[in-house]
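The structure appears below as structure tokens.
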């Protein structure tokens, strides 16, 4: 009887230990769910000034359902942040609907496959305006965008290294079937922290790009080539780099006191 008791006790301990390991592994691999994020971290490198304003996020069943806060550009003053407007995400099978509280006429509908966007459709006044299709290959993502009312096409290729971090993108813009602009961007100076933007990828193109890597790039540099009249518009270049703050576990802090 004692042998049976000891055997059951040992099996129980092994089972608990196994469950702890599984739970720990799940925590290590689960995507982060930030509750707040400073505007600077969300928008940079497009918006340079460091601002105390921040976005807030709400989740349901582990999925983002609401982001509160909106940045808007004005020609005479630059960018302003408004804390009241919000975006909502509604999930229905493999469809995700993205809507703005201050724009009832615009809706984006994503078609998902394996938790990744396969297609997105922008509707304005119930009219399909822009579609995007996403193709996934080994160490490569290709996005094709077609804007019907402007006869505009965009081809984007994202390239990844062996660590599944984004290292390069090439964005070709066409107008009326003719090549217009080619933007090449290189991403570098990656940290070793988990990517906190994973669950925010459907909000906009900037956050989609930030969400693609396992870790976080902190430097971008690239060139812009104009196909029309290249002698008048020689290739331009750009570069930006920034830093994050990290917690005691080495993870990115998207929100902290200034």
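Every number in this text was worked out from the coordinates using simple rules, so none of it is lab data. Because the structure is a prediction, the values reported are computed rather than measured. Glycine also receives a Cβ, built like all others from the backbone with ideal geometry; neighbour counts cover every protein chain displayed.
Okay, helix-only estimate at 222 nm for the chain: each DSSP H run of n ≥ 4 adds -39500 (n - 2.57), divide by all residues, round to 500 deg cm²/dmol; what do you get?
Numbers: 3 runs with 40 residues, N = 258.
Rounded to the nearest 500, it is -5000 deg cm²/dmol.
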| When a footprinting reagent is the concern and you count Cβ atoms within 10 Å, what order do 246, 105, 208 take, fewest first? | 105, 246, 208
| message | Let's test this: bin the Cα-Cα distances of region 63-141 at 10 Å from zero up to the farthest pair and state each bin's percent. | response | 16, 38, 33, 12, 1
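Beyond 25 Å, what percent of the Cα pairs of region 109-228 remain?
Numbers: 1904 of 7140 pairs.
So the portion of pairs separated by more than 25 Å is 27 percent.
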| query | Could you give the angle, 0 to 90 degrees to the nearest 10, between helix 2-29's Cα long axis and the longest principal axis of the Cα atoms of the chain? | reply | 10 degrees
| Read-out P(r) over Cα pairs in 5 Å bins from 0, in percent, derived from the coordinates shown; its label in (1) 1, 5, 10, 14, 16, 17, 14, 8, 5, 3, 2, 2, 1, 1, 1, 0, 0, 0, 0; (2) 1, 6, 13, 17, 18, 16, 12, 8, 5, 3, 1, 0, 0; (3) 1, 5, 10, 12, 13, 14, 13, 11, 8, 6, 3, 2, 1, 1, 1, 0, 0, 0 | (1)
| message | Please report the spacing between the Cα centers of region 163-192 and region 208-258 in Å, no decimals. | response | 11 Å
